[in-house]
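The values are calculated or read from the model by the stated rules, or taken from the named source; none is laboratory data. This is a predicted model, so every value here is computed, not measured. Positions of Cβ are backbone-derived with ideal geometry, glycine not excepted, and every protein chain shown enters the neighbour counts. The area values use the complete protein model at the heavy-atom level, side chains included, leaving out ligands, DNA and RNA. Shrake-Rupley method; radii C 1.70, N 1.55, O 1.52, S 1.80 Å.
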Amino acid sequence: MKLEEMAVNLPDPTPALNYLGKRIQMAYVVRDMDAALEHWLDVMKVGPFVVFDRSRDGRTILYRGTQTYADISLAFAYIGDVQIEIIQPLDDEPSPFREFLDSGREGLHHIGFWPDDFELARGHFEEQGFKEIYAVLTDGRRSGAYYESPCVMGGIVELVPLTEQRAAYFGRMEKIARSWDGKTRPVRRFSGRAEFLASGEGVEV
């Protein structure tokens, strides 16, 4: 039997990961967004990037149990199905991003997952010893959470619910990435999510 025929009959190789969803994000924290974008575009040949100058959008943010008013600039691109996120803190307010830079580090900060059942994934993490350090609340409910991982894993893991709105919103970014010619508008900058959603970018590509 050929390898291709055998593969058709193989079971899902990662059934235990289904609760985390089927996509992943690699997130990087940087001091200089423009310099980081230049590196990813020119050296890594990854793009185009959708950039949000600000991202807090009036949401409530908790860092280690205390409300913070930290704001960040964000940039998104794709390598296949993997989302690349670049984060630059815009102030000195407490956050895991400011803490990361203040420790002298820069670069890969966390991995993110978009579970279909956000509360199930959160509950499993907390049962397994993951500690929530950062939470984003929208209308009083968590719309994102960051966890410090047990030592055997290390690093920070982000969980974000894959709502229909978020799936459509990220889907537009994927369309932009998949149709990119490698030259045109490598950086597409918006004041925030609302401006991007209203722009029509990624709707008809």
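Roughly how many debye, to the nearest 20, is the charge dipole of the chain about its Cα centre, given +1 on each Lys and Arg Cβ, -1 on each Asp and Glu Cβ, and no other charges?
Numbers: 24 positive and 33 negative charges, 58 e Å.
Here the chain has a charge dipole of around 280 debye.
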Extended-chain gain in nm, criterion 0.36 nm per residue less alpha-carbon gap, residue 178 and residue 106:
23.1 nm
Options (1) 8, 32, 36, 19, 5, 1, 0; (2) 8, 31, 32, 20, 8, 1, 0; (3) 8, 35, 39, 16, 1 are given for P(r) over Cα pairs in 10 Å bins from 0, in percent, and the computed one is (1)
Order these peptides, 27-39, 150-162, 84-96, by their mean beta-carbon neighbour count within 10 angstrom, highest first.
84-96, 27-39, 150-162
How do 68, 138 rank by accessible surface area computed with a 1.4 Å probe, from largest to smallest?
138, 68
Given a 1.4 Å probe and the protein chains all in place, what does the accessible area of residue 99 round to, in Å² to the nearest 10?
80 Å²
Pairwise FRET efficiency - residue 93 versus residue 119, Cβ, R0 = 45 Å, nearest 0.05:
0.95
For segment 163-205 and segment 103-123, what is the separation of their Cα centres, given in Å?
22 Å
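How do 120, 41 rank by accessible surface area computed with a 1.4 Å probe, from largest to smallest?
Working: 120 100, 41 30 Å².
Greatest to least solvent exposure: 120, 41.
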I'd like the accessible area for residue 131, computed on protein heavy atoms only with a 1.4 Å probe and all protein chains in place. Round to 10 Å², please.
120 Å²
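I'd like the antiparallel share, as a percent to the nearest 5, of DSSP beta bridges with both residues in the chain. Don't skip to the answer; put the middle values down first.
On the way: 35 of 48 bridges.
Here the antiparallel bridges make up roughly 75 percent for the chain.
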Plugging the Kirkwood radius over Cα pairs into Stokes-Einstein for segment 115-205, at a temperature of 4 °C and a viscosity of 1.567 mPa s, what D comes out in µm²/s?
84 µm²/s
Solvent-accessible surface (1.4 angstrom probe) belonging to residue 76, in square angstrom, nearest 10
10 Å²
What does the extension gain come out to for residue 153 and residue 43, with contour length at 0.36 nm per residue minus their alpha carbon separation?
36.7 nm
Students sometimes get this wrong: rank 69, 146 by accessible area, probe 1.4 Å, all chains present, largest first.
69, 146
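For every helix of n ≥ 4 consecutive DSSP H residues, a contribution of -39,500 (n - 2.57) applies; sum these over the chain, divide by its total residues, and give [θ] at 222 nm rounded to the nearest 500 deg cm²/dmol. All intermediate terms of the calculation are to be shown ahead of the outcome.
Values: 6 runs with 55 residues, N = 205.
It comes out at -7500 deg cm²/dmol, rounded to the nearest 500.
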